[in-house]
1. Arrange 165, 51 by Cβ neighbour counts within 10 Å, fewest through most, would you?
2. Under the 0.36 nm per residue contour assumption, what length would be gained going from the current alpha-carbon distance of residue 8 and residue 164 to full extension?
3. With the Cα gyration tensor of region 58-150 in hand, give its eigenvalues times 5 under a square root as the equivalent ellipsoid semi-axes, listed largest first in whole angstrom.
4. When a/c reaches 1.5 or more, the comparison of a/b and b/c decides; with that in mind, is the chain rounded, prolate or oblate per its Cα gyration tensor?
5. Counting pairs of alpha carbon atoms under 8 Å apart in space and at least six apart in sequence, what relative contact order in percent does region 115-234 give?
6. Round to the nearest 10 and give me the degree value, 0 to 90, for the angle of helix 221-233's Cα axis relative to the longest principal axis of the chain.
7. Would you mind computing, in nm to one decimal, how far apart the modelled labels at residue 98 and residue 233 are, each placed 7 Å from Cα along Cα→Cβ?
8. If I take every Cα pair under 8 Å that is 6 or more residues apart in region 58-150, average their sequence separation and divide by the length, what percent do I get for the relative contact order?
């Protein structure tokens, strides 16, 4: 797990046609059959197998990236009804936001409240609407995209977009899968993490197809189209599953 060397990956890159930016993409992951297996074998992110709890990666409050992220959730919450959300009454009475652990500079990152040791928006097994994110359930009922209702981190995972700028102001943007290390020290305590587990590589379409909307939101439609062109016309990797590319122990 955390002590193993990183997987061997194939990367593709190209220059942005309109900005001083280079895009770098993890082709191995994007061509893989990874899919979210929430409710179909997901063991969750606690320190023991939590399959039966059906919490997925919602055991901790969602951390918001900025005020716009918070405002979007507030707008979505107004549309939720008790039949969508198991803890709707609690959210109405006491709110659904909280201040997370203080950062090094003393500031606090806003997070969703926890109820019974998981996100307040997470419906538990036995709830009439079914287990899972109340925002996701309500969005589907409305015929809308769940990603437009959820906090950013909730629809982006397991995709992670990182930016770096060199001394000349040139930006490099890298899209890859979310790893244990991205959760900080707590990631090492996860009993299970989906992108490193063969059980999650059972999708019918490659990630760049199944996660089209999410990737497009992150990089833009023009860059997504360029990415698809590269992935479909460049050589395919020898092995499509990232976890099968781990270096063997000697």
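1. 165, 51
2. Result: 54.0 nm gained on full extension.
3. Value: 23, 15, 11 Å, ordered largest first.
4. Verdict is prolate for the chain.
5. 12
6. Tilt of helix 221-233: around 50 degrees.
7. 5.1
8. For region 58-150, the relative contact order is 33 percent.
Here, each number is a calculation from the coordinates, and none is a lab measurement. Worth saying up front: this structure is predicted, and the values here are computed from it rather than measured. Reconstructed Cβ throughout: ideal geometry from the backbone, glycine too, with neighbour counts over all protein chains shown.
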